[in-house]
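Colleague: Here it is: the structure, laid out below.
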Amino acid sequence: MHARLGRVVVRGRSMQPTLYDGDQLLVRYGAEPRPGRLAVVRLPGGPLSVKRVTFRDPDGWWVERDNPAEGVDSWQVGAVPDADVLAVVWCRYWPPRRRRRRSRDREGNVD
């Protein structure tokens, strides 16, 4: 069986600096998660979320946020069961390129 493709819009700040609110992702539903990859998961009592898959334990997948100051992850709710890991992020397609903010020093040099 082939994994189905879908689109997801990021909401919130829990995955910054990797992903930002409004980023649009192409995901593969039914794909096998792997440690280090991003996945769309259903957290207990919450909406769907994008989190980083870190490891598999007997209760399911341990998922974490990239921004420790925002959001919820397995540190609060435990492992996510296999059935609640819905898709694996394939790529961010919008915005196509994120510009880094540059600052200028007193001499006008850009960092």
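The values are calculated or read from the model by the stated rules, or taken from the named source; none is laboratory data. Being a predicted model, the structure only gives us computed values, none of them experimental. With ideal geometry, Cβ positions are generated from the backbone for all residues, glycine too; neighbour counts draw on all protein chains shown.
Colleague: What tally of residues in segment 1-29 results from selecting those that are farther than 17 Å from Val63 by Cβ, assigned to a loop (DSSP other than H, G, I, E, B) and modelled with pLDDT of 95 or more? Reasoning before the result, please.
Modeller: Taking segment 1-29 as the starting set, the residues that turn out to be farther than 17 Å from Val63 by Cβ are 1-7, 9, 17, 20-24, 26.
From what's left, assigned to a loop (DSSP other than H, G, I, E, B): 1-3, 17, 20-23.
Add one more test, that the residue is modelled with pLDDT of 95 or more, and what stays is 17, 20-23.
Summing the residues that are farther than 17 Å from Val63 by Cβ, assigned to a loop (DSSP other than H, G, I, E, B) and modelled with pLDDT of 95 or more in segment 1-29 gives 5.
Colleague: What pairs can you find where one residue is in segment 76-88 and surrounded by fewer than 14 Cβ atoms within 10 Å (Cβ to Cβ), the other is in a strand (DSSP E or B), and their Cβ atoms are less than 6 Å apart, with a gap of 6+ or different chains?
Modeller: From segment 76-88, the pairs are Pro81/Gly60; Asp82/Gly60.
Colleague: Across segment 73-111, what is the number of residues that are at pLDDT below 95, in a loop (DSSP other than H, G, I, E, B) and not small (Gly, Ala, Ser)?
Modeller: The number of residues fulfilling the criteria is 13.
Colleague: Now, a different point. For the subset of segment 40-56 comprising residues that are part of a loop (DSSP other than H, G, I, E, B) and small (Gly, Ala, Ser), which member is farthest from Val72 (Cα to Cα)? Show your work before the answer.
Modeller: Just the residues of segment 40-56 that are part of a loop (DSSP other than H, G, I, E, B), to begin with: 43-47.
Add one more test, that the residue is small (Gly, Ala, Ser), and what stays is 45-46.
Numbers: Gly45: 11, Gly46: 9 Å.
Residue satisfying both the conditions and the ranking: Gly45.
Colleague: Only one residue in Arg97, Arg92, Arg52, Arg28 is surrounded by 15 or more Cβ atoms within 10 Å (Cβ to Cβ), of a type in the set (Lys, Arg) and free of Cβ contacts under 8 Å to residues at least 40 places away in the same chain, so which one is that? Break it down stepwise before answering.
Modeller: On the way: Arg97 fails: surrounded by 15 or more Cβ atoms within 10 Å (Cβ to Cβ); Arg92 fails: free of Cβ contacts under 8 Å to residues at least 40 places away in the same chain; Arg28 fails: free of Cβ contacts under 8 Å to residues at least 40 places away in the same chain.
Only one candidate qualifies: Arg52.
Colleague: Test of understanding: among Gly45, Gly36, which residue is closer than 14 Å to Thr18 by Cβ and either exposed (fewer than 14 other Cβ atoms within 10 Å of the Cβ) or modelled with pLDDT under 95 (or both)?
Modeller: Result of the check over Gly45, Gly36: Gly36.
Colleague: Would you check which residues across segment 55-70 are in contact with a strand residue (DSSP E or B) (Cβ under 9 Å, 6 or more places away or on another chain), more than 14 Å from Arg92 (Cβ to Cβ) and in contact (Cβ under 8 Å) with a residue 24 or more places away in the chain and list them? Working first, answer last.
Modeller: Just the residues of segment 55-70 that are in contact with a strand residue (DSSP E or B) (Cβ under 9 Å, 6 or more places away or on another chain), to begin with: 55-56, 59-66.
Adding the requirement that they be more than 14 Å from Arg92 (Cβ to Cβ) leaves 55-56, 59-65.
Within segment 55-70, Gly60, Trp61, Val63, Arg65 meet the criteria.
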